[in-house]
Amino acid sequence: MALCHEWTIQYAGSERVTAEIAKVIDPDSCYTAAVEGGTERIVFGDRRIETWSFGLRPRVRDNWPKLLPVLPLAWRGVDLGGHRLVVTSSHSCVNAVPASPGSIRLSYSHTPMRYAWCWREELRRVPRALQPAWPAVAAALRRADRGWSERVDAFACNSAFVAERIARFYGREATVVPPPVDVDAFTPGDDPSPRDVFVVVGRLVSYKRVDVAIRAAARAGVDLVVVGDGIERSRLEAMAGPNVRFTGAVDQEALLGWYRRARALVIPGVEDFGIGPLEAQACGTPVLARTEGGTSETVLDGTTGRLVAGEDVEAWADALASFDSARYAPAACRDNALRFSPDRFRSRFRAFVRQHAPDVELPAEAEPAEAEPAPVPPISGGAGYEDRSIRNDASL
């Protein structure tokens, strides 16, 4: 069996999913386009890994946008050999990898390729020299991506929100297998912290709409802590008042502390799924999030948080000013998060594989005890999922 993941340059949501998929299928070989900081070993363990970094190591992450035009060609050149089962973990172009005769191809889609289908939101991340031509490039990528999707025998995905996108863009059905949340690491704690601030966790990039949270917090007169880092940080700091604190990148222990201290986790952007909101709920913390996107599937409106429609700053200010954490029982929040435990993910994904590859023998379901947990790199944008707000560009 083979497992292919787009790249492993940070340990974020898609990498966490891929690590759990590896536990289910125990692949003989793992393929990934680039690695950084030992992340590939956290994801794939001691399994055989094939990778290539295009001569950009050790600063792959800083140079990543330069690789976008060549990634499909790179994946097309991969020889998967005679693997009976090939599983791809996809949010870009990994499905360009050639199909092996007689093999079964299953794909876990975190989202269809963003640079093709959501190119307006991604344009800032494209190298400046390529930006004028990117609408045409994106159109070509959409055509290619539709073709690559035909190599896949069956899709799984993270949310009904993404399943609808797969149906719209590829004309295919997808089985929803929600990502795993580390409910053992994220807990309410023995000594409840004072819940005195609202918290945003995520990469500081435009689609997260942290600017909405900052403006709304100023109008509501509440304190806001922004956890994470990213290219938008300078712009966001310039607009922030004295009620806003920026922490920069934090480790998991510090992130846990902020979740426990938060009156609510604030999610003003549209999430594909959103692991962060469930990490917060696992800590007993309610969530204030968008009605659109994956958070509508993971936040129980009125029980584990409140959902707000759109990006109107006044609406968000009203929601912050009137938010009462005491209305949301920590036990209810945690019970909701437990529905997304790693054990449940593995069980659901195993059932998906058995449905579509019944003749493929999977390893025994029971797993040996792990000696030491893998180290988790500092969290620059939270442990949350790689996600984007979506504008439907399928017709462009």
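The values are calculated or read from the model by the stated rules, or taken from the named source; none is laboratory data. Because the structure is a prediction, the values reported are computed rather than measured. Cβ: placed from backbone, ideal geometry, glycine included. Neighbour counts: every protein chain shown.
Does at least one position in the range 266-282 carry a residue that is more than 21 Å from the chain's Cα centre (by Cα), within 27 Å of G189 (Cβ to Cβ) and buried (at least 19 other Cβ atoms within 10 Å of the Cβ)? No, that holds for no residue. Going by what's in this entry, would G221 be described as at positive phi and surrounded by 20 or more Cβ atoms within 10 Å (Cβ to Cβ)? In short, no. Only a single item in (1) closer than 21 Å to P286 by Cβ; (2) touching a helix residue (DSSP H, G or I) at 6+ places or on another chain (Cβ under 9 Å) is not met by V152, and it is number (1).
How about the range 115-140: which of its residues are under 30 Å from V353 (Cα atoms) and not in a helix (DSSP H, G or I)? Answer for the range 115-140, where residues must be under 30 Å from V353 (Cα atoms) and not in a helix (DSSP H, G or I): just C118.
Spot the failing condition for Y207; the list is (1) farther than 23 Å from P330 by Cβ; (2) in a loop (DSSP other than H, G, I, E, B); (3) touching a residue at least 60 places away in the same chain (Cβ under 8 Å), and only one is missed. Y207 satisfies all of (1) farther than 23 Å from P330 by Cβ; (2) in a loop (DSSP other than H, G, I, E, B); (3) touching a residue at least 60 places away in the same chain (Cβ under 8 Å) except (2). Just one of the numbered conditions (1) buried (at least 21 other Cβ atoms within 10 Å of the Cβ); (2) within 16 Å of V176 (Cα to Cα); (3) outside the structural domain of A160 (by TED's automatic domain parsing) is not true of F345: (3). Do we have any residue at all in the range 357-377 that's modelled with pLDDT of 95 or more and assigned to a helix (DSSP H, G or I)? No, that holds for no residue. Filtered by the rule that a residue be of a type in the set (A, V, I, L, M) and at pLDDT below 95, the range 208-261 gives I231, A249, V250.
Out of everything in the range 117-140 that is surrounded by 17 or more Cβ atoms within 10 Å (Cβ to Cβ) and in contact (Cβ under 8 Å) with a residue 40 or more places away in the chain, what residue ends up being nearest to A351 (Cα to Cα)? Among those residues, the one meeting the criterion is W117.
Please go through the range 266-294 and give me each residue that is modelled with pLDDT of 95 or more and of a type in the set (V, I, T), ordered by number. Scanning the range 266-294 gives V266, I267, T285, V287, T291. Number of residues in the range 99-114 that are outside any strand (DSSP E or B) and surrounded by fewer than 24 Cβ atoms within 10 Å (Cβ to Cβ) equals 6. Looking only at the range 210-264, residues that are over 16 Å from V313 (Cβ atoms), among the polar types (S, T, N, Q) and over 22 Å from the mean Cα position of the chain (by Cα) come to 1 in all.
Note on the range 141-197: among residues that are of a type outside the set (V, I, T) and part of a strand (DSSP E or B), the one that is surrounded by the fewest Cβ atoms within 10 Å (Cβ to Cβ) is A154. Screening the candidates V201, V266, V250, V212 for the property of being of a type outside the set (D, E, K, R), touching a residue at least 60 places away in the same chain (Cβ under 8 Å) and farther than 28 Å from A160 by Cα yields one hit, V250.
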